[in-house]
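**Student:** Sharing a structure, written as structure tokens. Questions coming.
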Protein chains: 2
Amino acid sequence: MRIRLIVAALALGMAMTPAFAANKPVRIPDAAMTQAATLREQALTSDLAYRITESITTEVGPRMAGSEGDARAVAWAQAKFKSLGYDRVWTEPVTFPKWERRSERAEVLGRHAQPLVLTALGGSPGGTVEGEVVRFTDLASLEAAPAGSLAGKIVFVDFKMERKRGGDDYGFGSRIRSRGPTTAAAKGAVGYLMQSAGTDSHRMPHTGITRFDEGVKPIPAAALSAPDSRQLSRLVAMGPQRVRLALDCGWDGEATSYNVIGEVRGSSKPDEVVLIGGHLDSWDLGTGAIDDGAGLGITMAAGAMIAKLPKRPARTIRVVAFANEEQGLYGGRAYAAKYEKDVGKHQIAAESDFGAGRIYGYASSLPESAREADEQILQALAPLGIQRLEGRGEGPGPDIGPFAQRGLAWASLAQDGTDYFDLHHTPDDTFDKVDPAAIQQNAAAYAVFAYLAASADGSFGSRPVAPATPAR
Amino acid sequence: MRIRLIVAALALGMAMTPAFAANKPVRIPDAAMTQAATLREQALTSDLAYRITESITTEVGPRMAGSEGDARAVAWAQAKFKSLGYDRVWTEPVTFPKWERRSERAEVLGRHAQPLVLTALGGSPGGTVEGEVVRFTDLASLEAAPAGSLAGKIVFVDFKMERKRGGDDYGFGSRIRSRGPTTAAAKGAVGYLMQSAGTDSHRMPHTGITRFDEGVKPIPAAALSAPDSRQLSRLVAMGPQRVRLALDCGWDGEATSYNVIGEVRGSSKPDEVVLIGGHLDSWDLGTGAIDDGAGLGITMAAGAMIAKLPKRPARTIRVVAFANEEQGLYGGRAYAAKYEKDVGKHQIAAESDFGAGRIYGYASSLPESAREADEQILQALAPLGIQRLEGRGEGPGPDIGPFAQRGLAWASLAQDGTDYFDLHHTPDDTFDKVDPAAIQQNAAAYAVFAYLAASADGSFGSRPVAPATPAR
């Protein structure tokens with residue numbers, strides 16, 4: 001999932017930089033700055049984050065929310081936290097609707113008969129449909145189609161995302177996935193195809209969640225790989241094309257999984273929490289290496305390296321492996337609901353969920369009163385090649401979004417995501433795509449950040465805020 | 001298919017550079033050299049090869065030998081030759097055993113249960129087998145395993161090919177595919193898995209033909225994608241692993257397809273033939289763009305550009321779209337058998353079947369008596385960035401191999417194949433992988449070569465040679 005973009009969804013409902021009550025200036029003690037520099041250099045010689053990522057992707061493999069793999073991932077995370085020397089390890093249940101993928105296929109019919117490589121979107125119903133393809137180049141043109149004009153048709157949106165360091169085009173691609181099917185269904189379409197929300201040119205379809213509006217009858221909805229989308233576009237340009245789409249998938253009751261939490265207890269202010277983490281679930285097609293095995297590897301390693309220091313920082317470091325991020329931030333929402341009254345005890349949170357590319361930027365929601373500490377953190381991150389990002393567009397990671405919406409302070413350690421959407425939600429999201437040196441730099445940055453945030457004197461500005469819209 | 005490596009298979013049986021009877025020196029007239037220069041520059045502004053490749057990959061799509069797509073490809077090739085202005089277009093039947101792929105899946109069983117992405121090797125029988133995995137790192141170590149030592153096991157060879165311009169590692173990879181399954185079966189194995197004979201790191205398995213020796217009971221045999229192979233290697237390193245392999249595929253009777261042939265008739269020596277071409281069939285997983293839609297695009301465009309010149313060259317240019325190359329050079333062998341007595345009328349042949357990368361090298365079997373013409377051809381190719389390759393390791397393309405074995409002179413226009421084995425025999429062999437500028441350079445080179453060879457005065461040295469081993 002994308003760090004900055006989730007903000008777009010939450011921005012209307014949250015106070016991004018609340019006007020905090022005047023706090024006393026926040027500072028990080030000199031001794032902690034010295035310790036952080038040592039920690040940073042040690043972390044740059046450790047392969048722990050890489051090995052944790054290898055472990056979950058190899059030993060557990062795919063772990064779609066509610067699946068047997070997901071249950072094994074919960075057991076894996078508990079055992080891994082314990083073996084890494086965390087002080088406390090526990091789970092918190094998270095219940096959600098369960099979606100299953102069984103089979104999927106499609107083919108062009110007629111004189112150019114050929115199979116198409118695609119994958120069902122999460123949340124798609126099953127069914128076999130056949131119809132003439134109507135092509136749109138973006139969501140706006142689909143939205144502009146007259147009511148009823150798509151009766152009996154298969155809608156096809158072939159928007160192509162471009163590679164960008166910040167993954168900016170995912171804003172378009174993810175909306176074509178989330179809003180396209182319900183829009184097409186509302187206008188009478190019997191099926192929905194889209195060019196995958198991705199930037200690669202391989203025969204790799206990208207899945208991801210979609211939802212249908214109340215009152216709209218869901219239709220089978222799937223993403224074509226980029227080559228298949230381009231192929232279908234060429235065929236449609238030659239003349240009318242009929243496609244058969246056969247999906248066997250759908251919602252099937254409820255499942256319960258777990259947020260798995262490990263703590264490195266603070267030495268003097270153990271009730272004050274610095275939260276880092278990633279999400280435990282993955283899509284089913286790959287083994288969830290960049291999304292989000294790497295995020296777990298990075299943050300679990302960061303906590304473990306702090307746990308091994310001669311002296312613990314003042315505050316507690318809590319590493320959370322969130323349940324079911326992919327299908328609707330269920331773990332993050334459950335966490336926010338459970339700890340709603342403890343916003344003030346949570347000092348700050350940062351989530352790693354944008355792959356394993358090098359971190360190049362730092363941004364935070366810290367108030368003016370914590371500016372000195374914020375600068376100190378940046379100063380300790382600078383040797384890793386990390387510079388301040390001006391806040392516009394930056395925000396908390398997806399799973400801490402619901403809690404940030406309730407007033408939690410956040411930091412963002414922005415990763416280079418140039419190739420993130422080559423792999424995101426595809427079968428190709430596998431361990432071999434993780435660069436050992438880049439993930440090492442990530443773990444060093446999270447270790448430094450968490451250690452310093454847990455060593456600061458004074459508040460980072462978290463305090464209860466009533467969300468303008470209900471958290472979902 | 002790989003140009004140089006086919007030679008390894010044929011070398012024992014053929015006279016590579018026969019000691020020709022003294023011929024009078026062969027030369028290309030100056031006027032033809034001037035015309036060739038103009039043709040070359042015109043070809044570098046033409047997108048014809050690119051458009052022909054687009055046409056077959058889009059309108060026909062996959063065309064595995066004997067399939068419905070193959071039949072459409074035959075019709076496509078006839079129509080395309082005609083529309084391109086070829087003088088004569090005809091087909092010649094080629095009959096072969098038909099192999100079909102219906103479904104394929106595999107999974108690791110037990111505590112690390114997870115699916116594996118793979119594809120059946122062409123020629124594999126169907127069947128569901130389950131067994132403990134025994135890993136080998138290369139074919140030699142499998143061959144060294146004691147008889148019977150693999151009873152009930154699933155053999156797994158995880159040799160990794162490296163990227164090289166000439167595709168050299170395919171020599172190892174293709175032998176692991178062709179010899180591994182029969183070797184494993186002979187030692188009692190119930191199934192066979194290999195890391196795909198490829199150089200990519202995507203979840204793209206590479207298919208390709210395998211054969212079982214007489215008296216060996218065939219076993220299900222499949223290629224894992226590179227990430228899946230590495231995953232299985234990591235799991236096996238942790239402890240014993242059991243895998244279930246379920247393939248539904250196999251031989252099913254005979255099929256007849258066709259060599260499709262188009263001719264641009266020579267102006268003064270129409271019975272002397274310069275043969276260029278590629279193969280019409282593809283594997284079923286991709287749309288056969290680099291293997292070998294591009295070869296057809298390049299050579300069909302080259303012939304068409306020559307057909308449009310104000311004056312035809314002296315000799316006939318024959319472009320052959322060979323049937324069923326992939327499963328055993330059936331089209332090439334049928335052609336050689338049919339025209340066995342006409343070796344002397346065929347002046348020279350060159351096949352394009354190594355993708356669409358830029359041509360960097362030229363080699364030929366021409367005798368000393370034709371050295372001047374050979375140098376003239378090279379001189380006309382030089383502005384395209386093509387240099388002479390010293391002959392060692394170079395040879396005719398696969399489909400002209402059987403005829404070369406009977407004495408046909410050949411030329412090789414060696415393409416940069418650095419990324420060829422990223423795509424070869426995978427779902428990813430699609431039109432978007434073809435670089436328009438590179439295929440243009442290829443078509444220019446083939447046009448220049450064919451035009452000059454068809455304009456030369458004197459023999460290129462083709463003459464009947466009894467093959468030392470039966471052509472197959």
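**Student:** I'd like the full set of residues that are buried (at least 24 other Cβ atoms within 10 Å of the Cβ) and out of contact with any Phe, Trp or Tyr (no Cβ under 6 Å at 6 or more places or on another chain), limited to the stretch A:327-337.
**Tutor:** Of everything in the stretch A:327-337, those that are buried (at least 24 other Cβ atoms within 10 Å of the Cβ) and out of contact with any Phe, Trp or Tyr (no Cβ under 6 Å at 6 or more places or on another chain) turn out to be A:329, A:335.
**Student:** Considering only strands (runs of 3 or more DSSP E) fully contained in the stretch A:85-160, which possess at least 1 residues that are away from chain B (no Cβ under 14 Å) and of a type in the set (S, T, N, Q)?
**Tutor:** It comes to A:88-108, A:127-136.
**Student:** Out of (1) surrounded by 15 or more Cβ atoms within 10 Å (Cβ to Cβ); (2) aliphatic (A, V, I, L, M); (3) over 22 Å from the mean Cα position of the chain (by Cα), what's the single condition that is false for residue A:140?
**Tutor:** In the conditions (1) surrounded by 15 or more Cβ atoms within 10 Å (Cβ to Cβ); (2) aliphatic (A, V, I, L, M); (3) over 22 Å from the mean Cα position of the chain (by Cα), residue A:140 misses (1) alone.
**Student:** Could you check, for the stretch A:74-81, whether at least one of its residues is within 14 Å of another protein chain (Cβ to nearest Cβ), within 27 Å of residue A:253 (Cα to Cα), surrounded by 24 or more Cβ atoms within 10 Å (Cβ to Cβ) and of a type in the set (Gly, Ala, Ser)?
**Tutor:** No - not one qualifying residue is present in the stretch A:74-81.
**Student:** Considering each residue of the stretch B:221-239, count those that are facing another protein chain (nearest Cβ under 8 Å) and either open to solvent by 20 Å² or more (accessible area, probe 1.4 Å) or over 33 Å from the mean Cα position of the chain (by Cα) (or both), and give that number.
**Tutor:** 4
**Student:** Within the stretch A:51-73, work out how many residues are open to solvent by less than 40 Å² (accessible area, probe 1.4 Å) and either part of a helix (DSSP H, G or I) or of a type in the set (S, T, N, Q) (or both).
**Tutor:** Count: 11.
**Student:** Also, quick follow-up: Does residue A:344 satisfy the condition of being over 22 Å from residue A:35 (Cα atoms) and open to solvent by less than 10 Å² (accessible area, probe 1.4 Å)?
**Tutor:** No; evaluated as a whole, the condition is false for this residue.
**Student:** Going by the structure shown, is residue A:47 acidic (Asp, Glu), away from every other protein chain (no Cβ under 12 Å) and within 21 Å of the chain's Cα centre (by Cα)?
**Tutor:** no
**Student:** Now for a separate question. Could you tell me which of the residues B:54, B:68, B:59 is over 30 Å from residue A:283 (Cβ atoms), within 14 Å of chain A (Cβ to nearest Cβ) and free of Cβ contacts under 8 Å to residues at least 12 places away in the same chain?
**Tutor:** B:68
**Student:** For residue A:114, which of the numbered conditions (1) at pLDDT 95 or above; (2) under 21 Å from the mean Cα position of the chain (by Cα) fails to hold?
**Tutor:** Just one mismatch for residue A:114, condition (2).
**Student:** Which one is surrounded by the most Cβ atoms within 10 Å (Cβ to Cβ), of the residues in the stretch B:271-310 that are in a loop (DSSP other than H, G, I, E, B) and either of a type in the set (A, V, I, L, M, F, W, C) or free of Cβ contacts under 8 Å to residues at least 12 places away in the same chain (or both)?
**Tutor:** B:280
**Student:** Now for a different question. Of all residues in the stretch B:226-265, which are among the basic types (Lys, Arg) and touching a helix residue (DSSP H, G or I) at 6+ places or on another chain (Cβ under 8 Å)?
**Tutor:** B:230, B:234, B:242
**Student:** Separate question: Where in the stretch A:381-472 are the helices (runs of 4 or more DSSP H), entirely inside, with at least 2 residues that are surrounded by fewer than 24 Cβ atoms within 10 Å (Cβ to Cβ) and among the small types (Gly, Ala, Ser)?
**Tutor:** By residue number, A:436-453.
**Student:** Now a separate question. So, in the stretch A:143-167, how many residues would count as being surrounded by 14 or more Cβ atoms within 10 Å (Cβ to Cβ) and without any contact (Cβ under 8 Å) to a residue 24 or more places away in the chain?
**Tutor:** Summing the residues that are surrounded by 14 or more Cβ atoms within 10 Å (Cβ to Cβ) and without any contact (Cβ under 8 Å) to a residue 24 or more places away in the chain in the stretch A:143-167 gives 0.
**Student:** Please work out if residue B:399 is under 30 Å from residue B:198 (Cβ atoms) and touching a Lys or Arg at 6+ places or on another chain (Cβ under 9 Å).
**Tutor:** When the stated conditions are applied, residue B:399 passes them.
**Student:** Same structure, new question: Is there any pair linking a residue in the stretch A:230-256 that is under 17 Å from residue A:104 (Cα atoms) to one that is open to solvent by 90 Å² or more (accessible area, probe 1.4 Å) and among the hydroxyl-bearing types (Ser, Thr, Tyr), with Cβ under 6 Å and at least six apart or on different chains, and which?
**Tutor:** Pairs found: A:246/A:128.
**Student:** If a residue has to be within 29 Å of residue B:127 (Cβ to Cβ), of a type outside the set (Lys, Arg) and exposed (fewer than 14 other Cβ atoms within 10 Å of the Cβ) to count, how many in the stretch B:82-108 make the cut?
**Tutor:** 1
**Student:** Considering B:215, B:166, B:250, which residue is on the phi > 0 side of the Ramachandran plot and in a loop (DSSP other than H, G, I, E, B)?
**Tutor:** B:215
The values are calculated or read from the model by the stated rules, or taken from the named source; none is laboratory data. All values reported here derive from a predicted model rather than from experimental measurement. Using ideal geometry, Cβ is built from the backbone for each residue, glycine included, and neighbour counts are taken over all protein chains shown. Side chains included, ligands, DNA and RNA excluded: accessible areas come from the protein's heavy atoms. Shrake-Rupley method; radii C 1.70, N 1.55, O 1.52, S 1.80 Å.
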